[in-house]
1. Heavy-atom accessible area per residue, the range 377-474, 1.4 Å probe: how many Å²?
2. Give the calculated FRET efficiency between Ala309 and Ser413 to the nearest 0.05, with a Förster radius of 51 Å applied to their Cβ-Cβ distance.
3. Provide the packing ranking of 234-247, 11-24, i.e. peptides ordered by the mean count of other C-beta atoms within 10 Å per residue, highest first.
4. Using a simple spin-label model with points 7 Å from Cα along the Cα→Cβ vector, what separation in nm is obtained for Ser188 and Ala395?
5. Taking the Cα centre of the range 79-344 as the origin, how large is its charge dipole in debye, to the nearest 20, when only Lys and Arg (+1) and Asp and Glu (-1) carry charge on their Cβ atoms?
6. Any aspartates and glutamates with Cα under 14 Å of the Lys337 Cα? List them, leaving off those in the same chain fewer than 8 positions away.
7. Relative to the compact globular guide of 2.2 N^0.38 Å, what is the alpha carbon radius of gyration of the range 11-68, as a ratio?
8. How about the range 271-307: which chymotrypsin sites (Phe, Trp or Tyr not before Pro) there are in a DSSP loop, with at most 12 other Cβ atoms within 10 Å of their Cβ?
Amino acid sequence: MAEATERIAARFAAVETPATSTSARELAERVAAVDLDAPGVGGEEVLREIDELVLSEAVWYHHPAYLAHLNCPLDVHAVAAEAVLAAVNTSVDTYDQSRIGTFVERRLISWVGGRLGFPAADGVFTSGGTQSNLQALFLAREAALSGLAGAQRAARQQRLTILTTAESHFSIAKSALLLGLADDAVRSVAVDASGRMDPAALQTELDALDAEDRIPMAVAATAGTTDRGVVDPLAAIGAVCRDRQVWFHVDAAYGCGLLVSPRRRHLLDGIDQARSVTLDFHKTFFQPVSSSALVLRDAADAGRARWHADYLNPEDSAEPNQVDKSLQTTRRFDALKLLATLRGTGAEAIGRGVDAVIDLAEDVHAVVAAHEELQLLAATDLSTVLFRWQPAGVADHDADVLVGQVRQVLQESGRVLVARTVLDGRPCLKLTLLNPETAAEQVAASLEEVAGAARLLHAHRAGVDDAVAEEAAR
Ligand SMILES: *Cc1c(COP(=O)(O)O)cnc(C)c1O
């Protein structure tokens, strides 16, 4: 363990680029060459192998030029707790397997509940936002079908719908499929120009469902959409849901860090009206993967996932079994990491980190807006930057083709990692900023690499087009 710590510390100290330029083919070959059937080589040797094989090729999320996805740098107390929980190997399922772990997880869930404005919260840690959303919608489905069985239950299930926006995470639609809802169960509510759910359009959709004899099973709003990083108007949506008595789910996988933000907590106003909330601590609480939770306003809803087994949690068991609230059985003790962060670093300092990242995004937006060759495409509440390389005179089509090429060329170099997505039907580049220690100048330098790569690719393309035209003319 001590040697592993030393090696990883040495690697961190030596990181120069967020990734390497080794080709995918080479990486696949190196891994294929590992002999998994040979006699064991022992601890020292295996650490050397891991160092050489894996650490030398890792993608480093803390690097200032890692700008691609929702991966955060880490709070070191949580990393230490990760080692502790791996060594102790607690499974937080039944009480007799976890004892104090049960109470630690419960305390963390109720702390989060307190921040959300749920005095009687319950919930459970999960493997990620995808699973948290699935479980939220599963509980909402069970609430909508409660008391029914057989053909009646099956018939009603086919009438259930989920109202969300086209900007919500794909796990919402995937959950609908997994839950056996009808093919057209997910309805997109219109968004305003900035990508936020329009509460008036939600009313209209709910009226339309009534007219079709369909049942609104849940409204799934997003607090921090994955692309634009905007927060749906939670208070207004919550009011509609309360009026219509519809399950209000908030996917705050990305936006959950706002809960501890000294300056931006107001962006989550209205979240206390939700019945279920998804939070990814491995995005904006600087936790190692995995750490997520589904938190419920009413403890009674947690029981909708309960299932009994004689060998585990028999019906007559009076013990506080976390497995009763989870889709998983054997389950990681991720709550310990969040405890380590809240005690070691403190909630307020975490919140300042979140604010710093959002301040950084504001500065980077200004850099892009002022750049001659780059176009800033959307505003954000959180920390994404959506943009395109398109100097005056470059046609839309050419700029669009370059998006994927620029991303790929940079990724192959290992020097700057950016993501791509589609906004209003056109491809664009995307940065997700999550490192509070990154400076705007560092991101500006990465943007120059983006522009430089685009310029080169564009010139090359134009050259090729000219050659083709010449050839045709001849
Ligand atoms: C990342 C994300 C998810 C999925 O979370 P995972 O932890 O990757 O499973 C869900 N919703 C939103 C809004 C996200 O940004």
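The values are calculated or read from the model by the stated rules, or taken from the named source; none is laboratory data. Just so it is clear, the structure is predicted and the values come from calculations on it, not from any experiment. Please note: Cβ atoms are built from the backbone with ideal geometry, for glycine as well, and neighbour counts cover all protein chains shown. Calculation scope for accessible area: heavy atoms of the full protein, side chains included, ligands and nucleic acids excluded. Shrake-Rupley method; radii C 1.70, N 1.55, O 1.52, S 1.80 Å.
1. Solvent-accessible surface per residue comes out at 48 Å².
2. It comes to 0.45.
3. Ranked from most to least packed, the peptides come out as 234-247, 11-24.
4. 2.7 nm
5. Working: 28 positive and 31 negative charges, 137 e Å.
For the range 79-344, the charge dipole is close to 660 debye.
6. Of all the aspartates and glutamates, those that pass the test against Lys337 - Cα under 14 Å, at least 8 places apart if same chain - are Asp75, Glu82, Glu105, Asp280.
7. Working: Rg = 13.6 Å, N = 58, 2.2 N^0.38 = 10.3 Å.
The value comes to 1.32.
8. On the way: sites: Phe281, Phe285, Phe286, Trp307; in loops: Phe285, Phe286, Trp307.
When the chymotrypsin sites (Phe, Trp or Tyr not before Pro) of the range 271-307 are filtered for loop state and at most 12 Cβ neighbours within 10 Å, Trp307 remain.
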